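Below is one structure, written out as structure tokens, with a few remarks after it.
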Amino acid sequence: MRHSVSVNDSPSDRRRFPRLAAPLYARPARLRRVDWQQQQVLDASLGGVRIYADEKFSEKIPLELDLFLKDGTELSCVARVAWMKELPAGAVARYEVGLAFTDASPAMLDQLKTVLIPEDEGSADSP
């Protein structure tokens, strides 16, 4: 099934675990680029993450994701671009990008759960 990327539409936020305390490093799968900067995750769920990016990612090229947890643990998986939103000039980045996990092991997801904050617990920045 082919998923389309909408440049202007963000999906509604229906996540059970919307926040993640870990920086995210993303790169095209099977390609190693040493010049990539770590991308801070804006929010996350067990299904994927949302980041800012200056590069326009292709929906056809899978992204290899490395999540670096506060305790030094590194989690890896593969994701696809679920949606992209072009941001206005002067914004923190050129794009807001939703990435959906496509190859996350059960063990990786179990570890990811340890750093996600359940939505019903709220947070200091919640209204």
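Mind counting the residues in region 63-102 that are among the acidic types (Asp, Glu), at pLDDT 90 or above and more than 18 Å from residue 19 (Cβ to Cβ)?
Residues that pass the stated criteria total 1.
When region 58-104 is examined, which residues are found to be in contact with a helix residue (DSSP H, G or I) (Cβ under 7 Å, 6 or more places away or on another chain) and of a type in the set (Val, Ile, Thr)?
73
Of all residues in region 87-99 being buried (at least 18 other Cβ atoms within 10 Å of the Cβ) and hydrophobic (A, V, I, L, M, F, W, C), which is nearest to residue 46 (Cα to Cα)?
Only one residue fits best here, namely 99.
Restricting to region 85-110, name every residue that is under 15 Å from residue 50 (Cα atoms) and in a strand (DSSP E or B).
Those that are under 15 Å from residue 50 (Cα atoms) and in a strand (DSSP E or B): 85, 86, 95, 96, 97, 98, 99, 100, 101, 102.
The values are calculated or read from the model by the stated rules, or taken from the named source; none is laboratory data. Note that the coordinates shown come from a computational prediction; the quantities given were computed from them, not determined experimentally. Note that we place each Cβ from the backbone using ideal geometry, even for glycine, and neighbour counts take in every protein chain shown.
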